Amino acid sequence: QETGCLSIIVLGASGDLAKKKTFPALFHLFAQGFLQSDEVHIFGYARSKISDDDLRNRIRGYLVQGKTSDAVQLEEVSKFLKLIKYVSGSYDSAEGFQKLDKEISEHEVSRNSAEGTSRRLFYFALPPSVYPSVCKMIKHYCMNKSDLGGWTRIVVEKPFGKDLASAEKLSSQIGELFDEPQIYRIDHYLGKELVQNLLVLRFANRFFLPLWNRDNIDNVQIVFREDFGTEGRGGYFDEYGIIRDIIQNHLLQVLCLVAMEKPISLKPEHIRDEKVKVLQSVLPIKDEEVVLGQYEGYRDDPTVPDHSNTPTFATMVLRIHNERWEGVPFIMKAGKALSSRKAEIRVQFKDVPGDIFRCKKQGRNEFVIRLQPSEAMYMKLTVKKPGLEMSTVQSELDLSYRQRYQGVTIPEAYERLILDTIRGDQQHFVRRDELKAAWEIFTPLLHRIDNGEVKSLPYKPGSRGPAKADELLEKAGYVQTHGY
Ligand code: BG6
């Protein structure tokens, strides 16, 4: 374990992401002893002219929601808030970043970093439009200067561009200033417990090894559903849409882990090499295998243009051209303002050949990994219906985390990933070539949507999305389970 002074700089400290995700994650790490008061200092940087206490109070508001009676928690919150300092400045001002550097350096001197290394972690809770200038400022004014070693790392959030060309441009701009091991492209789905479990599940269980291929699997669904709309983010969302917001990153990362070959070791580079290979094997998406939707009322948001064609829902089939997966549709589904909130992976197996029970209609074997809410894995299988008759019924083997791991708190994705950035583990972060390959898959379709060549169909908020999406699912081979 590295020791020595650690400065965490949250850029965009007064924004939504910082308040809702970054600071709470840092607090939880602090409360669990991963951030030591004698080593760590947290700096908030943003344009607003506010004081240290203003920022602390805002963060406090988020941390103590609904838990005000817990005295121990309040005590921890106060200790945590003491570690935070605020520096105001714009994102392209030399003066602002010089001031920031001065504050960080003073902290390093006061923590006597001569005894250890000096570590600087810059967390970008910022719109990507300012990434290039912020990177320049950090590079010029705020790099770790300790002779004794240490590091400077940056953590960047999506959206990384809008298509292949803009993403590549952004990557080059950042790449000219920082080396790949310094850049942590965060995709918070990679920090979710059941996403991290995928490698273990696939490669540590004999059950799955022989079955995980085109001979046995009929289709795979990777699903994201939210039961709320864009809620005040209409302006941002309309520029991006559901494919750039969810499918191109979160769901595609899940697809990689479901479909990749076994890496030669657990080293981050070995895992990421395999992910890139899967991405590069995905065939171009066909318009006839895409259904887009937009929920009614989406355009009521004053920041959304009246004629917007931006999808808030998409179902599409991805096809992987390799020996393991040829012919197996990977159905990606994502939507806002639907009937429920859920993210899951559904692996549906082929029918049993020579079905002597004539139970085909009841459904197929299915293995479901529910990422959220209530993490679980279950296998749907056919059993004899208990009783005197020889008839069959669909049942399940259920591993529900809440029951099985009572008392275990599952860490928040951001918490885990921020800890990885401090430890220098890039396994759960997106590498530059991975990002490029991801954009290569979606860019042609996105351009056709942006040009209005592929239209979004209306759907009712609180519904399952456009009916055409279910038709596409059926066409792709998914068989709905009955009597279940
Ligand atoms: C974000 C998207 O990346 O993920 C949001 O920008 C979405 O639109 C969110 O709501 C979903 O994250 P989670 O962890 O709640 O599934």
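The values are calculated or read from the model by the stated rules, or taken from the named source; none is laboratory data. The structure presented is a predicted model; accordingly, all values stated were derived computationally and were not measured. We place every Cβ from the backbone using ideal geometry, glycine too, and count neighbours over all the protein chains shown.
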remark   = Selection over segment 373-397 where residues are closer than 25 Å to D227 by Cα and away from the ligand (no atom under 16 Å from the Cβ) yields a count of 2
inquiry  = Criterion first (modelled with pLDDT under 95, assigned to a helix (DSSP H, G or I) and not aromatic (F, W, Y)) does V72 satisfy it?
reply    = yes
key: Residues being within 10 Å of the ligand (Cβ to nearest atom), touching a Leu at 6+ places or on another chain (Cβ under 9 Å) and either in a loop (DSSP other than H, G, I, E, B) or among the β-branched types (V, I, T) (or both) - total across segment 229-255   = 1
key: Test set (1) over 30 Å from G424 (Cα atoms); (2) away from the ligand (no atom under 13 Å from the Cβ); (3) not small (G, A, S); (4) not in a loop (DSSP other than H, G, I, E, B) - W212 fails condition number   = (4)
ask   = Taking into account only those residues within segment 151-174 that are among the charged types (D, E, K, R) and assigned to a loop (DSSP other than H, G, I, E, B), which is nearest to S133 (Cα to Cα)?
value = K158
message = Tell me yes or no: at least one residue of segment 270-288 is farther than 30 Å from L211 by Cβ and in contact (Cβ under 8 Å) with a residue 24 or more places away in the chain.
response = yes
task = Only residues that are closer than 20 Å to V200 by Cβ and either within 16 Å of the ligand (Cβ to nearest atom) or surrounded by fewer than 16 Cβ atoms within 10 Å (Cβ to Cβ) (or both): list them for segment 360-372, please.
result = I369, R370, L371, Q372
inquiry  = Can you name every one of the helices (runs of 4 or more DSSP H) wholly within segment 380-477 that holds 1 or more residues which are within 22 Å of the chain's Cα centre (by Cα)?
reply    = 401-404, 413-423, 432-450
note = Of the residues in segment 221-246, those that are surrounded by 24 or more Cβ atoms within 10 Å (Cβ to Cβ) and over 19 Å from D163 (Cα atoms) come to I222, F224
key: Long-range neighbours under 6 Å by Cβ, at least six apart or interchain, first residue more than 19 Å from F160 (Cβ to Cβ) within segment 247-262, second assigned to a helix (DSSP H, G or I) and more than 11 Å from the ligand (Cβ to nearest atom)   = L257/L198; A259/V278; M260/E274; M260/K275; M260/V278; E261/E274; K262/F203
query = Quick check, is F27 touching a His at 6+ places or on another chain (Cβ under 9 Å) and surrounded by 13 or more Cβ atoms within 10 Å (Cβ to Cβ)?
reply = no
note = When segment 69-98 is checked residue by residue, the ones that are of a type in the set (D, E, K, R) and either out of contact with any Asp or Glu (no Cβ under 8 Å at 6 or more places or on another chain) or more than 20 Å from A13 (Cβ to Cβ) (or both) are D70, E75, E76, K79, K82, D92, E95
request  = Would you check if G354 is modelled with pLDDT under 95 and over 15 Å from D218 (Cβ atoms)?
outcome  = yes
key: Failed item in (1) away from the ligand (no atom under 16 Å from the Cβ); (2) assigned to a helix (DSSP H, G or I); (3) in contact (Cβ under 8 Å) with a residue 40 or more places away in the chain, with Q221 passing the rest   = (2)
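For every residue, the table says whether it meets (1) buried (at least 18 other Cβ atoms within 10 Å of the Cβ); (2) modelled with pLDDT under 95.
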| position | (1), (2) |
| --- | --- |
| Q394 | yes, yes |
| L399 | no, no |
| Y414 | yes, no |
| P458 | no, no |
| R464 | no, no |
remark   = For segment 29-40, the count of residues that are modelled with pLDDT under 95 and not in a loop (DSSP other than H, G, I, E, B) equals 2
message = Can you find, within segment 206-238, the residue that is farthest from A259 (Cα to Cα) among those that are among the charged types (D, E, K, R) and under 19 Å from the mean Cα position of the chain (by Cα)?
response = R233
ask   = Just one of S105, S90 is in a helix (DSSP H, G or I) and in contact with a Lys or Arg (Cβ under 8 Å, 6 or more places away or on another chain); which is it?
value = S105
key: Residues (buried (at least 16 other Cβ atoms within 10 Å of the Cβ) and either of a type in the set (V, I, T) or part of a helix (DSSP H, G or I) (or both)) located in segment 263-276   = P268, I271, R272, D273, E274, K275, V276
key: So E193, is it buried (at least 16 other Cβ atoms within 10 Å of the Cβ) and within 16 Å of the ligand (Cβ to nearest atom)   = yes
request  = Can you work out which of the residues in segment 277-288 that are in contact with a helix residue (DSSP H, G or I) (Cβ under 7 Å, 6 or more places away or on another chain) and in a loop (DSSP other than H, G, I, E, B) is farthest from L318 (Cα to Cα)?
outcome  = P284
task = Output the number of residues of segment 355-372 satisfying the condition of being in contact (Cβ under 8 Å) with a residue 40 or more places away in the chain and over 27 Å from E226 (Cβ atoms).
result = 3
message = Can you list residue pairs whose Cβ atoms sit under 6 Å apart, with the first residue in segment 227-244 being farther than 15 Å from S456 by Cα and the second being aromatic (F, W, Y) and within 12 Å of the ligand (Cβ to nearest atom)? Count only pairs 6 or more apart in sequence or on different chains.
response = T230/F237
